[in-house]
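Throughout, read-outs are computed from the coordinates displayed, never taken from laboratory work. Since the model is a prediction, treat every value here as computed from it, not as a measurement. Neighbour counts are summed over all protein chains in view; Cβ atoms, including those assigned to glycine, are modelled from backbone coordinates with ideal geometry.
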Amino acid sequence: MTENFYITTAISYPNGPPHIGHAYEAIAADVIARFQRLSGRNVRFQTGTDEHGLKMAQKAEELGVTPAQLANEMSAQFIAMCDSLNISYDRFIRTSEEDHHRASQAIWQAMVDKGDMYLDRYEGWYSVRDEAFYNEDELIEGVGSEGQSVKLSPQGTAVEWTAEESWFFRLSKYQDRLIALYTQNPSFIAPESRRNEVMKFVEGGLRDLSVSRTSFDWGVKVPGSPEHVMYVWVDALTNYLTGLGYPDPSDDMANYWPANVHLIGKDITRFHAVYWPAFLMSADIALPKQVFAHGFLLNKGEKMSKSAGNVVAPLQLAEDYGVDSLRYFLMREVIFGNDGSFSAETIVNIVNADLANSFGNLAQRTLSMLFKNCDGKLLWPLQQAEADIALESKIASACASELPQEFAAMRFSQGIEAWLRAVNACNQYVDEQAPWALKKTDPERMHVVLVTVYRCLRYLALAISPVVPASATHLLEQLGVATDQRNFAAFDDENWYANIAQSDYLVAKPVAIFPRQEVVQAKDNS
């Protein structure tokens, strides 16, 4: 029976255009989804936009539009980003959609029925930027615009004193159950550094959570209390269920819940690893299997902000250097779970070294020589020497064993390193065998060498395809690999080559898949 796999990204807050951090998370989730599909699993992949909350209401007012108009305009930009970056999502969910309102009200009612909601008055510190409530002891001292002392959230964002009637969720009731969850299931939160932070927070004591607001009305109405809208995080987190048809019985809900992984940024770990499992426990819904909190992307080592003028538009980077080049760089250069830095120069250097010079050139010169010197023909039967068999064994080990093991554990940069070692082994083999010299001295041996590399290229293209899907597909098409052979199970199919070699397939004149890049000078928009 085929396994099911459900992956979600955090839904993006669309009070401004998408930035490179949004793209990074979407790309990472897409790599996971594509890898799981290649591994033979039925994958459901969901992303979307989180459109409610005070931040959206304030931004819309500032722009002189309604929150719904702002949500429509901005969400369209996030959809365009996903489509441009070749993100293979199954559902792009918007929290303003009617089915999501119904799902949010259903989980709210389930928590009411459990006796976990009560009406009281909230007084405390609230960060509009984080859409989060903070305890006094969590705040840090900062300096305001006029040099005065101000209180800031742990994220360094402004907080304001808020006092209003509110519904509360009995979060304190679930403290012991949450600690038991983290202790008994250490992989629930990853990486370990994030788990340690959450454990420390929960062990320090949980207070009941304010989960409704009356000071604005852009949100999901609270059942039975229409003057209240749900705290945006109750509404936002429920999206993972909405996309599967909750609260109605559905095949998707039966097949894909609990989610295998919620992929999120490290700044929203608390909401996903504390509040969300507590809500689900209250509503008697199974918990997701893992919350994975990745790090931030830094622009030349600096955190991006509008005030610093260093926010990078992902579609501009994709336009300048290519979608697959951007995807490769982000998964190759950043150790997943840690913060990472990027710049145009490092993108160009890595893409040129790994993709253009090493992998792209290997494919180009191999297929060119087969086309020019062998009339595009493949050998059958194929009589290989010991060096040829040894190379194929090494490539198979890297692509069918090492890389999949690393990717399954979300160690993408390590998996790509194993793949790159295989690419380099192929290039070393070509240099040692020197098929250009064999052309004159032993053309039959030249043909065997080229076909050996051709066979290795299939392994290499398939293995890296979750990261560079368009380019890998283009190469697999040039290799004549059938669509139903483009999966990890096909690695073990020894008949694939015999079928192609004995058909009328001929290697055509190749088209370069990874052209060399140059740094594109930033446009002056002043």
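Taking square-rooted eigenvalues a ≥ b ≥ c of the alpha carbon gyration tensor, is segment 422-526 rounded, prolate or oblate, where a/c under 1.5 means rounded and, failing that, a/b exceeding b/c means prolate? Oblate, because a/c is 1.5 or more while a/b does not exceed b/c. As a length-normalised measure over Cα pairs under 8 Å and 6 or more apart, the relative contact order of the chain settles at 15 percent. Farthest towards the positive end of the charge dipole of segment 398-475, among the residues TYR429, ALA472, ALA400, is the Cα of ALA472, using unit charges on the Cβ of Lys, Arg, Asp and Glu. Per-residue extension of 0.36 nm, minus the Cα-Cα distance of GLU97 and ALA390, leaves a gain of 99.8 nm for this segment. Phi angles of segment 490-507 translate, via the Karplus equation with coefficients 6.51, -1.76, 1.60 and θ = phi - 60°, into HN-Hα couplings of 5, 4, 8, 8, 6, 7, 4, 5, 4, 5, 6, 5, 8, 8, 8, 5, 10, 5 Hz per residue; Gly and Pro are given as x.
Using C-alpha pairs under 8 Å with a sequence gap of at least 6, the mean separation divided by the residue count of segment 348-501 gives a relative contact order of 28 percent. Restricting attention to the chain, close to 55% of DSSP beta bridges with both partner residues there are antiparallel.
Straight-line cross-link reach from LYS372 at under 29 Å between alpha-carbon atoms covers these lysines, not counting any fewer than eight positions away in the same chain: LYS394, LYS439, LYS440, LYS509. When both segment 211-249 and segment 386-416 are represented by their alpha-carbon centers, they are found 46 Å apart.
Output the relative contact order of segment 32-136, whole-number percent, from Cα pairs under 8 angstrom with separation of 6+ residues. Normalised by residue count, the contact order of segment 32-136 is 29 percent. Shape verdict for segment 337-390, please, from the Cα gyration tensor: rounded (a/c under 1.5), prolate (a/b greater than b/c) or oblate. It is prolate, given that a/c is not under 1.5 and a/b is the larger ratio. Given +1 on the Cβ of Lys and Arg, -1 on the Cβ of Asp and Glu, and no further charges, what dipole in debye does segment 348-501 carry about its Cα centre, rounded to the nearest 20? That gives segment 348-501 a dipole magnitude of about 400 debye. Remark: ASP324, ASP83 ranked as ASP83, ASP324, counting other beta-carbon atoms within 10 Å and listing the fewest first.
Between the Cα long axis of helix 469-479 and the first principal axis of the chain there is an angle of about 20°, rounded to the nearest 10. Projected over all directions and averaged, the alpha-carbon convex hull of segment 348-501 occupies 8.8 nm².
Between the C-alpha center of segment 256-279 and that of segment 482-517 there is a gap of 40 Å.
Considering helices alone, the calculated mean residue ellipticity of the chain at 222 nm is -13500 deg cm²/dmol, with DSSP H runs of length four and up weighted by -39500 (n - 2.57) and normalised per residue. Computed with the Debye formula from one identical point scatterer per Cα of segment 157-281, without solvent, the log10 of I(q)/I(0) at q = 0.12 Å⁻¹ comes to -0.54. In terms of the mean number of neighbouring beta-carbon atoms within 10 Å, the peptides 390-396, 464-470 order highest first as 464-470, 390-396. Of the peptides 215-224, 490-499, the order by per-residue mean of other Cβ atoms within 10 Å, starting with the highest, comes out as 215-224, 490-499.
First check a/c for segment 306-418, with a ≥ b ≥ c the square roots of the eigenvalues of its C-alpha gyration tensor; if it is under 1.5, answer rounded, and if not, answer prolate when a/b is larger than b/c or oblate otherwise. Oblate, because a/c is 1.5 or more while a/b does not exceed b/c. Note on segment 36-165: Kirkwood hydrodynamic radius from all Cα pairs is 18.4 Å, rounded to one decimal.
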